[in-house]
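Computed from the coordinates by the stated procedures, all read-outs in this text should not be read as laboratory data. Remember, it's a predicted structure, so these values are computed and weren't measured experimentally. Neighbour counts are summed over all protein chains in view; Cβ atoms, including those assigned to glycine, are modelled from backbone coordinates with ideal geometry.
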């Protein structure tokens with residue numbers, strides 16, 4: 001049974017299952033690796049780290065094939081910690097805590113990073129696997145319709161693979177939930193990038209209406225913005 005309101009807010013929740021084995025089972029191209037070894041927090045020159053790299057290490061310590069793996073939960077705003085702390089000590093809260101899901105941050109930040117990392121892996125003739133909640137994946141699909149294929153092992157265009165999970169009741173542990181694999185679909189960095197960047201533009205007339213609406217609320221002068229400290233001082237002609 002699925003928990004409809006449950007979503008991963010911490011990437012470590014994926015650790016409840018052997019997701020790296022599932023990456024090998026579902027995403028590794030060709031024959032299974034003979035000597036898979038896991039590297040953590042591997043630095044990408046000029047662009048941060050990747051969470052894990054599964055490398056097939058030969059006897060001479062040569063690495064011919066590898067897959068990178070990135071974990072991503074949903075970002076939250078505010079904090080649920082006061083409610084958790086009150087529950088633990090059996091006290092009431094003075095006021096309702098404020099918190100929410102920051103869907104846009106995941107979409108804008110994570111997908112941008114994934115496109116760039118997918119581009120790197122394209123040049124390395126490898127792939128990067130994004131392990132994410134199913135709800136986050138569906139949100140991304142709702143915002144950007146990109147090419148997807150289930151042939152993630154064989155399609156040479158695929159350099160980004162989405163491996164999605166949802167939380168379902170654990171039959172072996174009463175009251176607990178565990179991650180269950182839902183989707184494994186691949187795309188390319190170019191398809192993902194184009195789907196996000198080249199959306200159908202709004203009508204020019206609609207944008208003109210927005211300009212008029214903003215001006216109706218009150219036009220501003222550059223000098224006023226400088227005085228308020230909203231922008232730095234620049235030379236301008238106020239005539």
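Counting pairs of alpha carbon atoms under 8 Å apart in space and at least six apart in sequence, what relative contact order in percent does the chain give?
That works out to 18 percent.
Which percent, to the nearest 5, of DSSP beta bridges fully inside the chain are antiparallel?
If we restrict to bridges inside the chain, about 70 percent are antiparallel.
For each of 134, 45, count neighbouring Cβ atoms within 10 Å of the residue's Cβ, then give the residues from fewest to most.
Ascending Cβ contact count within 10 Å gives the list 45, 134.
What ranking do 79, 188, 68 get, fewest neighbouring Cβ atoms within 10 angstrom at the top?
79, 188, 68
Taking only C-alpha pairs under 8 Å that are 6+ residues apart, what is the relative contact order of the stretch 1-110 in percent?
Taking the mean separation of contacting Cα pairs over the length of the stretch 1-110, I get 20 percent.
At a Förster radius of 45 Å, what calculated FRET efficiency corresponds to the Cβ-Cβ distance of residue 125 and residue 168, to the nearest 0.05?
Using R0 = 45 Å, I get an efficiency of 0.80.
Take the alpha carbon gyration tensor of the stretch 1-133, find the square roots of its eigenvalues, order them as a ≥ b ≥ c, and report rounded if a/c is under 1.5; if not, report prolate when a/b exceeds b/c, else oblate.
prolate
Given a Förster distance of 45 Å, report the FRET efficiency between residue 197 and residue 176 from their Cβ-Cβ distance, rounded to the nearest 0.05.
Calculated transfer efficiency: 0.60.
Report which label in (1) 6, 23, 26, 19, 15, 8, 2, 0; (2) 6, 21, 21, 12, 6, 6, 7, 8, 7, 4, 1, 0; (3) 7, 30, 33, 20, 8, 2, 0 holds the value of P(r) over Cα pairs in 10 Å bins from 0, in percent derived from the coordinates of this structure.
(1)
How do 99, 137, 84 line up, fewest other C-beta atoms within 10 Å first?
84, 99, 137
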